[in-house]
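Notes for the one structure printed next.
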Amino acid sequence: MSKKSGGQPAGGDLIPGVPEKPGGLSPRASLEWDRLVDEMTRSGIPLIPAYRASLTQAATLMADLAMAWAHIKEHGYYTVSRTGVEKMSPAVEHTAKLNEKLSRALWQLGLTPRAQQRHGTEKPDGGQPSLEDILDGDGSPGSAERMSAEDGE
């Protein structure tokens with residue numbers, strides 16, 4: 001891998017490596033961090049040290065969701081206000097917000113099917129050759145992209 005001045009990889013190459021787990025994570029967030037890193041590794045999703053913030057965010061959100069769900073299991077989806085009106089538990093509303101934030105964090109890490117399509121790690125058509133593969137490549141899935149890459153070298 002060639003380097004640009006300043007020690008950065010040339011051509012957008014990323015330096016692989018597992019990010020260092022932050023020491024300040026809660027015990028549950030630490031477990032979620034380990035699970036995320038393991039799942040990414042087993043799934044073939046490359047890790048780089050710069051993913052530390054995104055992994056920390058995702059692990060923390062997953063830990064917070066677990067706490068919110070534990071609260072909901074113990075106390076239910078609804079609470080009764082001081083005036084006697086039944087209303088949705090604040091924990092339920094909190095889980096909706098946490099799920100939204102977690103979805104964004106997982107997308108940033110490439111851990112959703114849509115993110116994999118966008119980041120080019122999964123073919124949206126199940127790996128079938130595209131029209132470009134047939135016309136510009138050798139007909140195998142991804143051949144047009146490989147031919148374009150070879151032409152650019």
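Selection of region 90-113 for residues being hydroxyl-bearing (S, T, Y) and either surrounded by 17 or more Cβ atoms within 10 Å (Cβ to Cβ) or over 25 Å from K73 (Cβ atoms) (or both) yields T95, T112. Filtered by the rule that a residue be farther than 15 Å from A96 by Cα, touching a Ser or Thr at 6+ places or on another chain (Cβ under 9 Å) and surrounded by fewer than 16 Cβ atoms within 10 Å (Cβ to Cβ), region 58-75 gives a lone residue, H75. On the given criteria, is L25 out of contact with any Cys (no Cβ under 6 Å at 6 or more places or on another chain), under 26 Å from K97 (Cβ atoms) and in a loop (DSSP other than H, G, I, E, B)? In short, yes. Restricting attention to region 113-131, does a residue exist that is among the charged types (D, E, K, R), over 14 Å from the mean Cα position of the chain (by Cα) and either within 25 Å of K21 (Cβ to Cβ) or modelled with pLDDT of 90 or more (or both)? Within region 113-131, none of the residues are among the charged types (D, E, K, R), over 14 Å from the mean Cα position of the chain (by Cα) and either within 25 Å of K21 (Cβ to Cβ) or modelled with pLDDT of 90 or more (or both).
With respect to the conditions (1) closer than 13 Å to L111 by Cα; (2) of a type outside the set (A, V, I, L, M, F, W, C); (3) surrounded by fewer than 18 Cβ atoms within 10 Å (Cβ to Cβ), P49 lacks only one, and its number is (1). Figure legend. Inter-residue proximity from region 33-50: first residues touching a residue at least 24 places away in the same chain (Cβ under 8 Å), second residues assigned to a helix (DSSP H, G or I) and surrounded by 12 or more Cβ atoms within 10 Å (Cβ to Cβ), beta-carbon distance below 7 Å, spacing 6+ or different chains. Indicated pairs: W33/L55; W33/A59; L36/L55; L36/A58; L36/A59; L47/V37; L47/M40; L47/T41. Under the condition of being assigned to a helix (DSSP H, G or I) and in contact with a helix residue (DSSP H, G or I) (Cβ under 8 Å, 6 or more places away or on another chain), which residue from region 36-49 is farthest from T112 (Cα to Cα)? Taking the candidates together, the pick is V37.
The values are calculated or read from the model by the stated rules, or taken from the named source; none is laboratory data. Quick caveat: nothing in here was measured; it's all calculated off a predicted structure. Neighbour counts run over all protein chains shown; Cβ positions are idealised from the backbone, glycine included.
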